[in-house]
Amino acid sequence: MCETCAKSDLTRLDAVFKEFEGDEHALISILQKAQEIYGYLPTDVIYAVAEHVGVSPAKVMGVATFYTQFRLQPVGRNLIMLCKGTACHVNGADAIAKALQDELGIGDGETTPDGLFSLKEVACLGCCSLSPVMMVNETAYGSLTPDKAREIVRRIKAEGAAS
Ligand code: FES
């Protein structure tokens, strides 16, 4: 993001457009690369991609909202993915969700004002034997209790404050 005008630096898309030049089915790949660059898909990036690909911004937005891999809002430095799959649900994921929401002061799909945490409820993370489970960025935390989940968040907050 440009500091002075609060717009995305769209020149960063040039290499992506070049990579997929002439490939008219590359919309999803372009959006994936754009998200890697910006961390999410800002509105001006959606418009730039639409113009480049030759489709309407509404069509690009439709694709971006259809696939859960795409984010339309910036995510915090720590993305908490709380599993709400069947095994985790049965083993108390709702209580973990409540504890996290209380601790962070945000709901599902939201980011804390300081940009430190985003919370997202997801389907099975593939480690059901550890349920209930959450992942913080690349790290999985299993056999959670509400207190354990709070403690993990507090520890990351303390580490964030120290760094
Ligand atoms: S249901 Fe949560 S990891 Fe599978």
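The values are calculated or read from the model by the stated rules, or taken from the named source; none is laboratory data. Values in this document were obtained by computation on a predicted structure and should not be read as measured data. When we count neighbours, we look across all protein chains shown, and the Cβ atoms used for this are built from the backbone with ideal geometry, even at glycine.
On the given criteria, is T65 under 29 Å from I30 (Cα atoms), of a type in the set (S, T, Y) and within 16 Å of the ligand (Cβ to nearest atom)?
no
Which of the residues belonging to segment 101-130 are within 15 Å of the ligand (Cβ to nearest atom), surrounded by 13 or more Cβ atoms within 10 Å (Cβ to Cβ) and part of a helix (DSSP H, G or I)?
From segment 101-130, those within 15 Å of the ligand (Cβ to nearest atom) are 120-130; that's our starting set.
Right, trim to surrounded by 13 or more Cβ atoms within 10 Å (Cβ to Cβ) and you get 120-122, 124-125, 127-128, 130.
Scanning segment 101-130 gives C128, L130.
Conditions tested, residue by residue: (1) outside the structural domain of V122 (by TED's automatic domain parsing); (2) more than 30 Å from V153 (Cα to Cα); (3) more than 17 Å from the chain's Cα centre (by Cα).
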{"position": "I28", "(1), (2), (3)": "yes, yes, no"}
{"position": "Y38", "(1), (2), (3)": "yes, no, no"}
{"position": "V45", "(1), (2), (3)": "yes, yes, no"}
{"position": "V49", "(1), (2), (3)": "yes, yes, yes"}
{"position": "V55", "(1), (2), (3)": "yes, yes, yes"}
{"position": "L72", "(1), (2), (3)": "yes, no, no"}
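(1) in contact (Cβ under 8 Å) with a residue 40 or more places away in the chain; (2) closer than 15 Å to A149 by Cα; (3) in a helix (DSSP H, G or I): which one isn't true of L82, the others all being true?
(3)
Just to verify a result, which residue in segment 41-62, among those that are of a type in the set (V, I, T) and surrounded by fewer than 19 Cβ atoms within 10 Å (Cβ to Cβ), is farthest from E103 (Cα to Cα)?
Residues of segment 41-62 that are of a type in the set (V, I, T), as a first pass: 43, 45-46, 49, 53, 55, 60.
In the following step, the residues that additionally are surrounded by fewer than 19 Cβ atoms within 10 Å (Cβ to Cβ) were identified as 43, 55.
Numbers: T43: 30, V55: 43 Å.
Across segment 41-62, the extreme among qualifying residues is V55.
How many residues are loosely packed, with under 15 Cβ neighbours inside 10 Å and within 16 Å of the ligand (Cβ to nearest atom) when one looks only at segment 141-161?
Qualifying residue count for the region: 2.
Show the residue pairs that are 6+ apart or on different chains and have beta-carbon atoms under 9 Å apart, the first residue being within segment 133-155 and aromatic (F, W, Y), the second being modelled with pLDDT of 95 or more.
As it stands, the answer is Y141/L130; Y141/V133; Y141/M134; Y141/M135; Y141/K148; Y141/A149; Y141/I152, since those pairs meet every condition given.
Go through (1) out of contact with any strand residue (DSSP E or B) (no Cβ under 8 Å at 6 or more places or on another chain); (2) outside any helix (DSSP H, G or I) and name the single condition A95 misses.
For A95, the failing item is (2).
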